[in-house]
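Participant: Pasting a structure here, questions to come.
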Amino acid sequence: MKFWRFVASGFGAGYAPKAPGTFGSLVGLALGVALLLAAGHVALLAGIVLASAAGLYATRVVGCAAEDPGWIVIDEIAGQMLAMMALSRVSVLGLVLAFGLFRLFDIWKPGPVGWADAQHDEWGLMGDDMIAGLMAAGVLLLIRVVVPL
């Protein structure tokens, strides 16, 4: 159980005294950059799948999915990496936009993000951040029409 709690906490990032979700997103950003630079979008996609599956299992095992405590941030890691799928390359502007848009949708919880968040189970806990990541990726793809990211 301690191992899965460690995974759910984003390898400890969720225990940050303030803004644990932001710290979890920063872990996702760092992991995403490492995966993109090492092996490209296929590796990033594999990381998203792995983080999502681990998150679903870990939140069920630790038994906190219905509460969504702030220390669980594996969902932010997966959602942040999902937002990064829309980047054609690693650039400072692209990373800042991916991070900012993901955090905006994760905190604001518009439409389907709020719906998923209201589910109070491991699917909702992971789902709201995955949807926020998809929304951020969608906006990034629109921005890419004008600015190469």
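Participant: Among residues other than Trp4 whose Cβ falls under 15 Å from its Cβ, what is the net charge (Lys/Arg +1, Asp/Glu -1)?
Facilitator: Residues close to Trp4 contribute a combined charge of +1.
Participant: Using θ = phi - 60° and the Karplus relation 6.51 cos²θ - 1.76 cosθ + 1.60, list the HN-Hα couplings for segment 13-20 in order, rounded to whole Hz, with x at every Gly or Pro.
Facilitator: 4, x, 8, 4, x, 9, 6, x
Participant: Another question, if that's okay. Could you pull the Cα extents of the chain along its three principal axes, largest to smallest, in whole Å?
Facilitator: Reported extents, whole Å, longest axis first: 44, 33, 27.
Participant: Still on this model: Using the Karplus curve 6.51 cos²θ - 1.76 cosθ + 1.60 with θ = phi - 60°, what ³J(HN,Hα) values do you get for each residue of segment 57-70, in whole Hz, with x for Gly and Pro?
Facilitator: Running phi through 6.51 cos²θ - 1.76 cosθ + 1.60 with θ = phi - 60° gives 5, 4, 5, 6, 5, 7, x, 10, 4, 5, 8, 6, x, x Hz.
Participant: So for Ser25, Ser91, Ser9, fewest C-beta neighbours within 10 Å to most, what's the order?
Facilitator: If I rank by nearby Cβ atoms, fewest first, I get Ser91, Ser9, Ser25.
Participant: A follow-up question, please. Would you kindly derive the ³J(HN,Hα) couplings of segment 104-117 from the backbone phi angles with the Karplus curve 6.51 cos²θ - 1.76 cosθ + 1.60 (θ = phi - 60°), listing them in order in whole Hz, with x for Gly and Pro?
Facilitator: 4, 5, 5, 7, 5, 6, x, x, x, 5, x, 4, 5, 4
Every number here is computed from the coordinates shown, using simple stated rules; none is lab data. The shown structure was predicted, so the numbers you read here are calculated from the model rather than taken from an experiment. All Cβ positions, even for glycine, are placed from backbone atoms using ideal geometry, and neighbour counts span all protein chains on display.
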